[in-house]
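The values are calculated or read from the model by the stated rules, or taken from the named source; none is laboratory data. Just so it is clear, the model here is predicted, and its values are computed rather than measured. Virtual Cβ from ideal backbone geometry, glycine too; neighbours counted across all protein chains shown. Each accessible area value is taken on the protein alone, full model and side chains, heavy atoms only, with ligands, DNA and RNA left out. Shrake-Rupley method; radii C 1.70, N 1.55, O 1.52, S 1.80 Å.
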Amino acid sequence: MKAIIMAGGEGSRLRPLTCNLPKPMVPVANRPMMEYCVTLLKRCAIREIGVTLRYLPELILDYFSDGKDFGVEMRYFIEDTPLGTAGSVKNAASFLSETFVVISGDALTDIDLNKAVKFHRKRGAMATIVLTRVSCPLEYGVVITGEQGRIRQFLEKPGWGEVFSDTVNTGIYVLEPEIFNYLPDGRNFDFSKDLFPLLLKEKKPLYGYVADGYWCDIGGLEAYLQAHRDILSSAVRVELPGKQVSPGIWVEEGALVHPDAKLEGPVVLGKHTEVGAGVGIGEFSVLGRGCTIQTGASIKRSVVWDHCFIGRKSALRGAILGNNVQIQEQAGVYEGAVIGDSSVIKERGILKPGVKLWPHKTVDVGATVHESLVWGNGMPQRLFGAEGICGMANLDITPEFVMRLGGCFGSVLGEGTIVGISSDVYPVAKMIKSALSSGLQSVGVRVADLGDGTTPMHRFGVRAFGCGGGVHVLLSTQNPEKLRLVFTDAGGGNITRGVERKIEQAYYKGDFARKSASGVHEVENLTGVADAYLDHICAYGTERMKKAGLKVVLLFEEANFGRTIPLLGRKLGLKFINFTHAGPLGNPRRWHDYQETLPAFCRAVVENGADCGAVIDANADHLVLVDERGRIIQDDLFTAILALVALKLRGGPVVVPVTAPRAIDAMAARYRSEVIRTKFTRQDLWRRATLAEAHEFLLQFDALAALVHILSFITAQRTTIGEMVDEVPAFFLTRREVPVSWEEKGTVIRKLIEEKPPEMELIDGVKVFHPDGWALILPDPEEPVCRVFSEGASMEIAESLTDFYTQKIKEMLKE
């Protein structure tokens, strides 16, 4: 037999607890309330379960997965728009071909579902509503039944003068697939308001089964606390987590209780929670995982979620705390008060009864809050962008934010992992690096400080010094008012999107536990990383190159490279001509400023009779070459040059992003080699190049190494950079940004795919091929725009393709 769990609820009446959490995932006695539904279905031998989702579905998917860990099989059906209770089940009709059970994922019950199914079949019902008796039916849908349980009348939330029955709808139904004939497609349709009155009107076999057992609709905060009291007093037949170490005291694995603490059951303590000396925990209290309760604190009739800090001599009375809440010394939170995730009540702060505090709020020292503080502006559900995390320095990227972020990254990597951290030379980046170090240390990670330098130096340091991952902090060369945090894996490449999601989930859930004093490790300052990195670059050089005495005009950032460039020149016999001193003191030069300098820079290369020119951004992430004739080599042409080097040295394969020109395919065909196209993201390029052992394409991430490698190649091949450019077939590429809101990006991509062009590629975005070119429409991960890339047999064709798809997107948005 199969069942459907309706789990699409937002739980608006449970806010602020559900600001970042779907209602079925709200913990009850340290387990998501939906888990009790799954356990009940399994107990009734119903192991094939469909789940209807709408609000934050990924959190439910991540927790339950395919259901195997819970002894069941689970499938998911996600609503794009609200369909109502019956409409959401119709959305899962393909899963249901025989009698099935429907149950709400946010109710707590131990009703024997097998008895309800037996009743349903005996009556030959099309639909059976499971009913229960309540003492006060005013807030429920009352159901009046006649002989044999046949339903005669519905009363939705009646007044006392209309209370002709005390049996109410539990939201549990036994149904036949024939009910789908009465449900419209793609429309909001409700069981109690629409379907059941329709079946009653048409005199279909509609029955009510009055069940024995416990049932509680956890509709609001008061009911949420009552559900805990009922579980702890054994009013409902469910299994509590942990072991009962003494009467009424359940303790999960790793929880520590000081001998001087006083616990009065029933009480539940979560995993790795620490209860200090003199703490008093009264009856009907539940503490989540990784909480710290300091000396003299007092907790009664309260529910505390994961990783909360309850300071010395503080008090909780009938309160609910979300994840990662801090209640500092001598603060108090009283009856019915609710605190959202990651909020802080500072020393001696007071929350009066009934006050609700939305997530990420702070109550100042000694302040008393009489009215609810609502979470106004909200937070983005995605922290990571195109490369790492980027935001305004000391406004978006603050020490507080980064400390928490460091704790999340450390918890994802695991206790004891060595994490390499570094920054550029600017003071604000160094400040953020220090905060990051603190966050990593707080969760038991071992921090290795790689020093000041560039991202390529960081990547090398993480890899060469055996780190399990790393973070580099730098001022953006696109906007020096912004900071960027680049997260790397053990190989020095950007972490995958999967790891990014884990960090984001930990950040929004506050799902990490800080260590006690003895679990914090000293930072190890690694000296010599910059010198080792320079030696690594010099290894690309050859004796022939060193003897060639190549002349190179350079434009670079003095602050980051003032020491490195002269050393590199001496070691490799290169004659560097500095074009100009870059940028005002205290800020890196914008990449836009470099681009504006290029015409004068090209002239300088030719006038000095140089072998080439090289423009290196402040972080050594980007390289622009200028050949001996003054021609600019950047972006796609630079990728083509790297491809040519790879083909000449080892015959391929060639690894390039999806935006790379078809000229690379023509060159690869000449060398009978394979072209591997990757997503536009840097992490995908790094991963695919590493897997293919196409190390030339990792030079896209290291400007200095790329320069040395190419100079070594041209001396070995007795050629020039200009001659290499001549070997690349001509190509014509254009790109343009089209404003598209975050909400409409998915619609644009879907509509492009639905047009079913004759030849299409979906490596990243939508790439449509035409007889004389192609166009790629790619949503930007950091800005509300879609980017249109086009290549044509001529510039006119490329521009016409760009114009065509730009207009097409605009028309889609109008529709």
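For region 540-569 and region 70-89, write down the distance between their C-alpha centroids in whole Å.
Result: 61 Å between the Cα centres.
Report P(r) for region 331-455: all Cα-Cα distances, bin width 5 Å, range 0 to the bin holding the largest distance, values in whole percent.
Values per bin, smallest distances first: 2, 10, 15, 17, 15, 14, 12, 8, 5, 2, 0.
How many percent of the alpha carbon pairs in the chain exceed a separation of 42 Å?
When every Cα pair of the chain is considered, 46 percent fall beyond 42 Å.
Just to confirm a number: summing +1 for Lys and Arg and -1 for Asp and Glu over residues other than Glu596 whose beta-carbon lies under 13 angstrom from that of Glu596, what do you get?
Its environment carries a net charge of +1.
Nearest 5 is fine: what % of DSSP beta bridges in the chain come out antiparallel, could you say?
The antiparallel proportion sits near 45 percent.
Would you list the P(r) distribution for region 536-681, with all Cα-Cα distances sorted into 5 Å bins from 0 and each bin expressed as a whole %?
Calculated over all Cα pairs of region 536-681, the distribution is 2, 9, 16, 17, 19, 17, 13, 7, 1, 0, 0 percent.
List the lysines whose alpha-carbon lies under 25 Å from that of Lys204, not counting same-chain residues fewer than 8 positions away?
Once the sequence-local lysines are set aside, what remains near Lys204 is Lys2, Lys90, Lys115, Lys118, Lys122, Lys157, Lys193.
Taking only the alpha-carbon atoms of region 770-815, what semi-axes of the equivalent ellipsoid follow from 5 times the gyration tensor eigenvalues under a square root, in whole Å, largest first?
They are 21, 13, 7 Å, listed largest first.
Using a/c under 1.5 as the rounded threshold, could you call region 295-377 rounded, prolate or oblate? The axes a ≥ b ≥ c are square roots of the C-alpha gyration tensor eigenvalues, and prolate needs a/b larger than b/c, oblate otherwise.
Rounded shape, in that the Cα axes give a/c under 1.5.
So for each of 111-121, 451-461, 701-711 I average, over its residues, the number of other beta carbons within 10 Å; can you give me the resulting order with the highest mean first? Please report the intermediate quantities before stating the final value.
On the way: 111-121: 18.7, 451-461: 25.0, 701-711: 23.5.
Top to bottom by mean Cβ count within 10 Å: 451-461, 701-711, 111-121.
Write out the GluC sites (Glu not before Pro) in region 72-116 meeting two conditions: DSSP loop, and at most 12 other Cβ atoms within 10 Å of their Cβ.
Sites meeting the loop and neighbour criteria: Glu98.
Using 0.36 nm times the number of residues separating Thr295 and Lys575, minus their current alpha carbon distance, what extension gain do you get?
94.1 nm
With each run of n ≥ 4 DSSP H residues scored as -39500 (n - 2.57), what mean residue ellipticity at 222 nm is computed for the chain after dividing by its residue count and rounding to the nearest 500 deg cm²/dmol? Could the numbers behind the result be given before it?
Details: 22 runs with 243 residues, N = 815.
For the chain, the value works out to -9000 deg cm²/dmol.
With the dipole of the chain worked out from charges on the C-beta (+1 for Lys and Arg, -1 for Asp and Glu) around the Cα centre, which of Gly124, Ile537, Leu568 lies farthest toward the positive end?
Gly124
Please work out how many pairs of lysine residues in region 512-580 are eight or more positions apart (or on different chains) and have Cα atoms closer than 16 angstrom.
Working: Lys546/Lys571; Lys546/Lys575; Lys547/Lys571; Lys547/Lys575; Lys551/Lys571; Lys551/Lys575.
Taking the Cα cut-off of 16 Å, the pair count is 6.
List the lysines whose Cα sits under 16 Å from the Cα of Lys745, skipping any in the same chain fewer than 8 residues away.
Result set, ordered by chain and number: Lys767, Lys808, Lys810, Lys814.
In region 664-753, which GluC sites (Glu not before Pro) are in a loop and have at most 10 other Cβ atoms within 10 Å, using DSSP for the loop call? Working shown, then result.
On the way: sites: Glu674, Glu693, Glu696, Glu723, Glu727, Glu737, Glu743, Glu744; in loops: Glu674, Glu693.
Here the GluC sites (Glu not before Pro) that fit, given the DSSP loop and packing criteria, are Glu693.
Can you give me the accessible area per residue for the chain, using a 1.4 Å probe, in Å²?
42 Å²
To check you understand DSSP bridge types, tell me what percent of the beta bridges within region 519-671 (both residues inside) are antiparallel, rounded to 5. Each step should come with its number before you reach the end.
Values: 6 of 14 bridges.
Percentage antiparallel, nearest 5: 45.
If region 374-521 were replaced by its equivalent ellipsoid, with semi-axes equal to the square roots of 5 times the Cα gyration tensor eigenvalues, what would those be, largest first, whole Å?
Over the Cα atoms of region 374-521, the semi-axes work out to 20, 20, 14 Å.
Just to confirm the filter: which trypsin sites (Lys or Arg not before Pro) across region 593-676 are DSSP coil and have at most 10 other Cβ within 10 angstrom of their Cβ?
On the way: sites: Arg603, Arg629, Arg631, Lys648, Arg650, Arg662, Arg670, Arg672; in loops: Arg629, Arg631, Arg662, Arg672.
When the trypsin sites (Lys or Arg not before Pro) of region 593-676 are filtered for loop state and at most 10 Cβ neighbours within 10 Å, Arg672 remain.
Taking a label point 7 Å from the Cα of Glu759 along the Cα→Cβ vector, which residues of region 791-815 have an amide N closer than 14 Å to it?
791-793
For Ser343, what is the net charge nearby, where nearby means another residue's Cβ is under 11 Å from its Cβ and Lys, Arg count +1, Asp, Glu -1? It would help to have the intermediate numbers written out before the result.
Values: positive: Lys346, Lys356, Lys361; negative: Asp341.
Around Ser343, the charge tally is +2.
Residues with amide H under 5 Å of Thr417's amide H, sequence separation 5 or more or different chain, H placed in the peptide plane at 1.01 Å from N; which?
Here Arg446 satisfy the definition.
Going by the alpha-carbon gyration tensor, a ≥ b ≥ c the square roots of its eigenvalues, is region 251-309 rounded (a/c under 1.5) or, if a/c is not under 1.5, prolate (a/b greater than b/c) versus oblate? Let's see the in-between values first.
Working: a/c = 1.36, a/b = 1.09, b/c = 1.24.
Taking the square roots of the gyration eigenvalues as a ≥ b ≥ c, region 251-309 is rounded.
For region 668-726, would you read off the P(r) tail past 14 Å as a percentage of all alpha carbon pairs?
Details: 1130 of 1711 pairs.
Of all Cα-Cα distances in region 668-726, 66 percent exceed 14 Å.
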